[in-house]
1. If I ask for residues that are at pLDDT 90 or above and either farther than 14 Å from LYS77 by Cα or touching a strand residue (DSSP E or B) at 6+ places or on another chain (Cβ under 8 Å) (or both), which ones from the stretch 25-53 would you list?
2. Can SER27 be described as closer than 26 Å to VAL114 by Cα and small (Gly, Ala, Ser)?
3. Show the residue pairs meeting these rules: Cβ distance below 8 Å; 6+ apart or different chains; first residue within the stretch 63-89 and part of a helix (DSSP H, G or I) and surrounded by fewer than 16 Cβ atoms within 10 Å (Cβ to Cβ); second residue at pLDDT 90 or above and of a type in the set (D, E, K, R).
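The values are calculated or read from the model by the stated rules, or taken from the named source; none is laboratory data. Keep in mind it's a predicted model, so treat the numbers as computed, not measured. With ideal geometry, Cβ positions are generated from the backbone for all residues, glycine too; neighbour counts draw on all protein chains shown.
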Amino acid sequence: MTDSNKKREKLDSTEQVQLLFVRHENSIRAFVRSLQPSLSDADDVMQETFLTISRKAASFELGTNFMAWACSIARLKVLENFRQLKRVNVLSEAAIIALTEDAPSPDSIREREVALGNCLENVTPKIRDLLWRRYNRRQSSDEMAESTGMTSNAVRVALSKARVALRDCIHAQLKIAQ
């Protein structure tokens, strides 16, 4: 094989792996966020994960479990980030390792995402709007209360009931014992 063919083959595998990353980015991000509570730190970890995955693309065997491979890289990047920051009041390295060992599989995360999507279809538009404001726009209860005409307490109660209903719906769809 000539050098140009090797470069083309490597480029093809890199592009294929990068496409897999893009396709599974939400699941990888959910995994990272479960270990890295800070949004900005999670974004940094995602960028480092993508760069590492791109650099190591040739070592990934297409057709094998991409999510397991990507999440193992993301796990190491979370640990690197933790070591670099050495923040107070964050999980210890041992706790992060323990959490990743018990972390749900990428397939199970995807199943939960699908179940959540199905359950959200059964939520009233008003509750869906509150959930969107809280989790997409990151609004506080006071901000939501001001923009919806509800009291802050009513917003908190509605969100709490919505989370319980969504949890129960997801468990029912996945047939998880409660």
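1. GLU25
2. Answer is yes for this residue.
3. These pairs meet every condition: GLU80/GLU48.
Conditions tested, residue by residue: (1) assigned to a helix (DSSP H, G or I); (2) farther than 26 Å from GLU111 by Cβ; (3) at pLDDT below 90; (4) touching a Gly at 6+ places or on another chain (Cβ under 7 Å).
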{"position": "VAL123", "(1), (2), (3), (4)": "no, no, no, no"}
{"position": "ILE127", "(1), (2), (3), (4)": "yes, no, no, no"}
{"position": "ARG134", "(1), (2), (3), (4)": "yes, no, yes, no"}
{"position": "ALA154", "(1), (2), (3), (4)": "yes, yes, no, no"}
{"position": "SER160", "(1), (2), (3), (4)": "yes, no, no, no"}
{"position": "ALA177", "(1), (2), (3), (4)": "no, no, yes, no"}
